Every structure is written in structure tokens, then in C-alpha cells.
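S.K.: Take this structure first; my questions come after.
The values are calculated or read from the model by the stated rules, or taken from the named source; none is laboratory data. What you see is a predicted model; the values in this text were computed from it and never measured. Quick reminder, even Gly has a Cβ in these numbers, built from the backbone with ideal geometry, and neighbours come from all protein chains shown. Just the protein is used for accessible areas: all its heavy atoms, side chains included, with ligands, DNA and RNA removed. Shrake-Rupley method; radii C 1.70, N 1.55, O 1.52, S 1.80 Å.
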Amino acid sequence: MELLHLLRIQAHANALANRRLGLALLQLGPGEWQAPRSGFFPSLALTLNHLLAVDGYYIGALHGEPDGVERWHAFSPCADAADWARRQHASDHRLVAFCGALDVAGADAVVAMPRGDHVQHDRAGHVLAHLFNHQTHHRGQAHAMLSATAVKPPQLDEFMMPSEAHLRRDDMRALGWDEQAVYGTPIASAT
């Protein structure tokens, strides 16, 4: 498997998981978005706003935007789950587009990430791997927080393997994505 194809699948998988999470969050009752929960960021609002702010920082850096620190400080938190779902959707699609346009040289390109007192440099492929890991980590925390609500946490891990197309068919259709174009041809099962 080629790295670029894997990164493109990962970007789509990230968006699909966030879509499912967003649909679940829309079912929350009044006050549950802000309600205290256990976690590093102790509410769904704090956890998912952190996720969105970090996405903005890294996706901006991947695009060569030099104002990451300023944008980080200017981040306006989402007031409710619907606002988060809308803004996360836009962020996810920006990431999907970036990965869709990525070539080998772009994956190896050095990304400058301003950190206030210094500028950190890493290759785009490493930044993407970190971003996907960060997304999975905090999305998992939000998933666990949902367990303490009346909303059933959605399945979020059906988006990486081509052989699981039947598990994401509705999600792919809702986003207007073609299974073959994103995942390629699944390996034929030997029976």
C-alpha cells in the first residue's frame, strides 16, 4: 500500500467518524453539551472545542499559513453541538482536500509550526500522523463521555478497511463520496 493512499483514507475516515459523532451529539438534551464529565477536558464542549482548535492550527500549518499562534488565541468556541458539527465538517473537508492534493514531495515537505517562542519543523507526513492520532484520542474521550448520557455512542472505527464498505455505505452516500474512489478495490475473500 502506498503512503499517500493511506493518508487519503485516513482523512476520509477522520471526517466520517466526526460526522457520526456529530449526529449523535445533536441528540443531546439541554445542558449536556456543557455538562461536567470526567476527562482531561472535563466536558464534551471543552473536549471537542479543543479538537477543533487544534485541527485549525495544524491544518493551517500544513497549508503554510504563518498565523497559527494568533488563530489559536482567536479561536471562538462552539456554543453547542450543532455549531461544532458544522465547523468540524468544514475543517474535515479542508483536510480531505489537502490530502487529496498531496503528492510524495508534499508529504515529505517541511511544515513550519509557530509555537510562540520558537518555530517547530516537521515533515507533512509526520504532522498528518500526529493530527490523525490527536483526533482519534480526543474523539475517543468524547465517545466515552457520551456513555454517561442517554445518547448511545456511535461506532467510530468502521472507516479504514476497504472490506467494511457495507458498514459505512450511508455515511459515504451522505457526504457524496464514492467508495471505489476513496478506498480502491477490496481484496477478494478466499472462501
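S.K.: Against the condition outside any helix (DSSP H, G or I) and crowded, with 18+ Cβ neighbours inside 10 Å, how does residue 159 come out, does it pass?
M.R.: Yes; evaluated as a whole, the condition is true for this residue.
S.K.: Could you list, in sequence order, all residues of segment 43-72 that are more than 15 Å from the chain's Cα centre (by Cα), closer than 28 Å to residue 30 by Cα and not hydrophobic (A, V, I, L, M, F, W, C)?
M.R.: Listed by number, the list holds a single entry, 43.
S.K.: Still on this structure, please answer the following. Give me the residue from segment 18-42 that is over 20 Å from the mean Cα position of the chain (by Cα) and either of a type in the set (A, V, I, L, M) or outside any loop (DSSP other than H, G, I, E, B) (or both) and, out of that set, farthest from residue 73 (Cα to Cα).
M.R.: Going through the qualifying residues, I end up with 28.
S.K.: Here's another thing I want to ask about it. Out of 71, 20, 37, which single residue is in contact (Cβ under 8 Å) with a residue 12 or more places away in the chain and within 24 Å of residue 163 (Cβ to Cβ)?
M.R.: Working: 71 fails: within 24 Å of residue 163 (Cβ to Cβ); 37 fails: within 24 Å of residue 163 (Cβ to Cβ).
Residue meeting the stated conditions: 20.
S.K.: Given the conditions (1) of a type in the set (A, V, I, L, M); (2) out of contact with any strand residue (DSSP E or B) (no Cβ under 6 Å at 6 or more places or on another chain); (3) within 30 Å of residue 121 (Cβ to Cβ), and given that residue 61 satisfies all but one, which numbered condition is not satisfied?
M.R.: (2)
S.K.: Next question, about the same structure. Could you list, in sequence order, the residues of segment 10-47 that are surrounded by 15 or more Cβ atoms within 10 Å (Cβ to Cβ) and hydroxyl-bearing (Ser, Thr, Tyr)?
M.R.: 43, 47
S.K.: Could you tell me which of the residues 111, 151 is within 25 Å of residue 24 (Cα to Cα), in contact (Cβ under 8 Å) with a residue 24 or more places away in the chain and not acidic (Asp, Glu)?
M.R.: Values: 111 fails: within 25 Å of residue 24 (Cα to Cα).
It is 151.
S.K.: Residues that are open to solvent by 50 Å² or more (accessible area, probe 1.4 Å) and of a type in the set (D, E, K, R): which helices (runs of 4 or more DSSP H) entirely in segment 54-141 hold 2 or more of them? Spell out the reasoning first.
M.R.: On the way: elements: 68-74, 81-101, 104-108.
So the answer is 68-74, 81-101.
S.K.: Does any residue in segment 114-130 that is farther than 15 Å from residue 65 by Cβ come within less than 9 Å, Cβ to Cβ, of a residue that is of a type in the set (D, E, K, R) and modelled with pLDDT of 95 or more six or more places away or on a different chain, and which pairs are these?
M.R.: Pairs that qualify, where the first residue is farther than 15 Å from residue 65 by Cβ and the partner is of a type in the set (D, E, K, R) and modelled with pLDDT of 95 or more, are 123/108; 125/108; 130/122.
S.K.: Let me ask something else. Just need a number here: residues in segment 16-55 that are among the hydroxyl-bearing types (Ser, Thr, Tyr) and modelled with pLDDT under 95. Even if it seems obvious, please write down each step before you answer.
M.R.: Filtering segment 16-55 down to residues among the hydroxyl-bearing types (Ser, Thr, Tyr) leaves 38, 43, 47.
Within this subset, residues satisfying the condition of being modelled with pLDDT under 95 are 38.
Final tally of qualifying residues: 1.
S.K.: From the list 114, 186, pick out the single residue that is at pLDDT below 95 and farther than 24 Å from residue 59 by Cα.
M.R.: On the way: 114 fails: farther than 24 Å from residue 59 by Cα.
From the options 114, 186, the qualifying one is 186.
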